[in-house]
Each structure stands twice: as structure tokens, then as C-alpha cells.
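Every number here is computed from the coordinates shown, using simple stated rules; none is lab data. Model, not experiment: these values are computed from the prediction. No Cβ is skipped: glycine too gets one built from the backbone with ideal geometry, and neighbour counts run over all protein chains shown.
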Amino acid sequence: MRKKAGLAVVLVSLLVALPARPDAIGDGNICYEKFATADYKGAIRYCTSAIDSGELQDPDLIAALINRGVAHKSIGDYESAIADYTRALRIAPNDALLYQNRANALHEMGDDDAALEDIQKSIDLDPKSAGAWYVRGAIAEARSNAGNARKYYMTALSLDPQNKVYREKILGNGSR
């Protein structure tokens with residue numbers, strides 16, 4: 001009996017001494033929680049851990065790349081955001097949201113030609129995406145095309161009439 005108890009103590013001691021193996025799904029979930037509370041640097045840290053683990057299946061990897069990309073964009077690191085969206089697009093080349101997110105980051109970075117290509121792909125894949133039409137409006141507005149910008153913003157609002165941002169863009173101080 002004494003040998004068994006001693007062996008159990010040794011095994012427990014060894015388990016406690018071993019570093020915990022990272023849980024990629026858990027890190028991905030924490031990444032999302034950090035992102036949802038606007039802790040973008042924390043989100044980037046946990047998403048990176050999940051992504052770098054190599055343990056995520058494609059849907060979870062795409063989600064982690066999207067979350068990390070949005071977190072990068074939120075802190076102004078557009079190049080990293082674009083890299084994450086591009087990596088995710090290699091896995092899911094027909095994902096309209098990925099094209100929309102990358103277009104938005106490209107637009108924020110000032111590359112409206114590339115942004116226009118991506119947002120058109122997004123709209124072609126999902127013409128009922130209010131967010132894509134909104135980004136299309138922002139690109140048109142940046143190109144000093146107020147008439148088309150208003151048309152695209154109106155399309156976004158018609159697809160999502162409760163969206164306060166879209167409503168403000170049309171009724172507030174946005175393009176007229």
C-alpha cells in the first residue's frame with residue numbers, strides 16, 4: 001500500500017512539474033472574449049497562441065484569423081490584418097466576409113484600388129451583405145464620388161434598416 005501511495009505522489013509531482021499543453025480551442029475562445037471586450041492586444045496574444053498551436057481545424061482557424069485580423073485593424077496594424085485575412089482566404093476562397101474585412105482594412109490603409117477589387121468580390125459572393133455595401137460606399141466616398149457613395153450607403157441601410165451607423169451615414173452628417 002505504501003508503494004502505491006508513494007508512486008501516486010511521484011506521478012502527481014511529475015504532472016504538476018510539466019508545463020500545461022496549450023488548449024488551442026480554449027485560447028481561441030479567450031481570444032474572442034478579449035476581442036468582445038475591446039482588449040485587442042489580449043485578443044491578438046490569445047489568437048496567436050491558438051493559431052500557432054497547429055491544432056485548429058479549418059473553421060476554428062478561420063475564426064481565429066478573422067478575430068486576430070479585426071483586432072490588428074482595431075489598433076491600426078492594417079498590414080497584419082490584411083495578412084490574416086489573406087491567410088484565411090487561402091483556406092476559404094469563397095468567403096464574402098473575409099473579402100469584406102480585407103477590403104475594409106485595405107481602404108483604411110489607403111489602397112482603394114485593391115479595396116475596390118475585394119469589396120466587389122464580397123458583393124458578388126453575397127449581394128445581401130449590408131456591411132459590404134457600406135464598405136463599398138466608404139470607398140466611393142473616399143474617391144469623391146458622393147452620388148455612388150450615397151447609393152451604396154442606401155443599399156446597406158435597406159438591407160439592415162435598424163443599423164444606427166448606416167442610418168447616421170444617410171440621415172446625419174454623411175454623404176448627401
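Annotations for the structure displayed:
- When residues of region 77-110 are limited to those that are β-branched (Val, Ile, Thr) and surrounded by fewer than 19 Cβ atoms within 10 Å (Cβ to Cβ), the one farthest from Asn67 (Cα to Cα): Ile91
- Boolean, Ser122 is over 17 Å from Tyr46 (Cβ atoms) and in a helix (DSSP H, G or I): yes
- Matching residues, region 21-39, being part of a helix (DSSP H, G or I) and over 21 Å from Tyr99 (Cα atoms): Ala24, Ile25, Gly26, Asp27, Gly28, Asn29, Ile30, Cys31, Glu33, Lys34, Ala36
- Gly69 surrounded by 24 or more Cβ atoms within 10 Å (Cβ to Cβ) and within 14 Å of the chain's Cα centre (by Cα): yes
- Per the listing Ala114, Ala156, Ala140, the residue uniquely without any contact (Cβ under 8 Å) to a residue 12 or more places away in the chain, among the hydrophobic types (A, V, I, L, M, F, W, C) and surrounded by 15 or more Cβ atoms within 10 Å (Cβ to Cβ) is Ala114.
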